[in-house]
1. How would 110, 135 line up from fewest to most surrounding beta-carbon atoms within 10 angstrom?
2. Which shape class applies to the stretch 140-215: rounded if a/c is under 1.5, otherwise prolate when a/b exceeds b/c and oblate if not, where a ≥ b ≥ c are the square roots of the Cα gyration tensor eigenvalues?
3. At a Förster radius of 25 Å, what calculated FRET efficiency corresponds to the Cβ-Cβ distance of residue 185 and residue 150, to the nearest 0.05?
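None of the figures in this text is laboratory data; all of them are computed from the coordinates on show. Since this is a predicted model, take the numbers as computed values, not measurements. Neighbour counts run over all protein chains shown; Cβ positions are idealised from the backbone, glycine included.
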Ligand code: FES
Ligand code: FES
């Protein structure tokens, strides 16, 4: 992909928003570029440059990626340091994936990458290019919840619900690899997902129910 082709909106998905360069600048305001300079995100040596130059510097620091999320392609300009979690939530508006520790400890940010559960907070968005990314939104079957989501509802496997999307994605990943997991295998699969409400017994039951639902 040519960076020039998608230069219209850093962090914006052009497939979704269809923004032009002028549209982007109108949306965020030229002042936002100045704000980035002012906030030190552009090095001191680059301060006091004309706004058009500052914008160019910002764009030059970005890379073009094509992310496949929930079967939809998103052509984007992103910063190489952005995590997949950041891009999903802040730029693709897929807020079902939750922010917890942001250091690989809680599992709230779990998504599937090529059907394998991964922490989106520890995955750079650029690493995920060319791979199939699935978020909790991608498990929906139209307007209806998918089998694992249904099983969580039936088994009352949530209290505050903050960990739930991550738990569901870990179980979805397990069931894609192993359609009839044992209780021990279920426990292992969600061992990287912390639930501060302590709903673990219900989560294991939900995973068993989801396995049956998927086979029915
Ligand atoms: S937010 Fe990613 S593991 Fe906690
Ligand atoms: S249901 Fe509250 S953190 Fe798990």
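1. Details: 110 29, 135 23.
By the 10 Å Cβ count, ascending: 135, 110.
2. On the way: a/c = 1.59, a/b = 1.07, b/c = 1.48.
Oblate.
3. Values: r = 21 Å, r/R0 = 0.82.
So the FRET efficiency works out to roughly 0.75.
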